[in-house]
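Rule-based calculations on the coordinates, nothing more; no lab input. It should be emphasised that the depicted structure is a prediction, and the values quoted were computed from it without experimental measurement. We place every Cβ from the backbone using ideal geometry, glycine too, and count neighbours over all the protein chains shown.
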């Protein structure tokens with residue numbers, strides 16, 4: 001899975017693009033197609049990663065509006081990233 005993100009700069013004037021391969025797929029895939037659940041230590045890490053992602057978006061005055069397991073992607077280091085095609 002590839003992710004394309006638009007990140008505002010500190011002056012809210014321009015946008016940068018970030019394209020990254022997310023080798024772990026989505027949290028939805030992890031829960032429904034692969035493993036079925038997260039063990040407690042991993043579950044806490046997932047919750048913290050999601051909280052950090054949402055906090056970042058809110059600091060940029062972005063409201064996600066569609067937070068769900070399919071929009072949470074896992075990278076090769078098992079870090080969760082909050083994504084969405086039409087986040088802006």
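Brief remarks follow.
- Label-to-label distance, residue 19 versus residue 51, with points set 7 angstrom from Cα along the beta-carbon direction: 3.5 nm.
- Cα-based Kirkwood hydrodynamic radius, the stretch 22-82, one decimal, Å: 11.9
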